[in-house]
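> Below: one structure in structure tokens.
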Amino acid sequence: MKYFRFKNVVKDFTTLTIVIPNGVDSFLYSETLAGVKIEDSKEFLTQQHPECEVVEVSFQEIESELKQSRMYHDIDEIVKTMIHNRYTMDDEIKLIKMGVEHPEYVEYQAFVDECRAYGSAMKIGRGLKVERGLRKA
């Protein structure tokens, strides 16, 4: 995933924005930030409108902004809903009181971990998060 910051420019009743090639997966995180699943950004940048000032940014530069995005929070809500569809808040409190060694708590925690892993995979697939060990300095 490559990340690009850009400007939308209105020119003669036309809005110029970042140009995404057909068939390329992309995600719009905000009105000025997009993630594009491409290998080489050099050719991609040559296809952009100069007025839009499209520039590549690193994941580290925008990580906190991604965590504030609507998409990131929507995935968190999906994970919470998955958990609460199986366990009510009262169930969770009861399980926590049982202790971490209790078999029902172990089962609950395994389910929560599975839901969180699903959410993490969604975030990684959308460029909102990087896999551990793949962070670039």
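No lab work stands behind these numbers, since they all come straight from the coordinates. On a predicted model such as this, the values are computed, not experimentally measured, just so you know. Because the Cβ atoms are built from the backbone with ideal geometry, glycine has one as well, and the counts that use them run over all protein chains shown.
> For region 89-123, which residues satisfy the criterion of being touching a helix residue (DSSP H, G or I) at 6+ places or on another chain (Cβ under 9 Å) and part of a loop (DSSP other than H, G, I, E, B)?
Within region 89-123, G99, V100, H102 qualify.
> Please go through (1) over 29 Å from R116 (Cα atoms); (2) under 18 Å from the mean Cα position of the chain (by Cα) for Q68 and return the number of the only condition it doesn't satisfy.
All conditions are met except number (1).
> Taking the options Y72, Y87, Y29, name whichever one is out of contact with any Lys or Arg (no Cβ under 9 Å at 6 or more places or on another chain) and among the aromatic types (F, W, Y).
Testing whether each residue is out of contact with any Lys or Arg (no Cβ under 9 Å at 6 or more places or on another chain) and among the aromatic types (F, W, Y) leaves just Y87.
> Tally time: how many residues in region 54-88 are in a loop (DSSP other than H, G, I, E, B) and without any contact (Cβ under 8 Å) to a residue 40 or more places away in the chain?
Residues that pass the stated criteria total 3.
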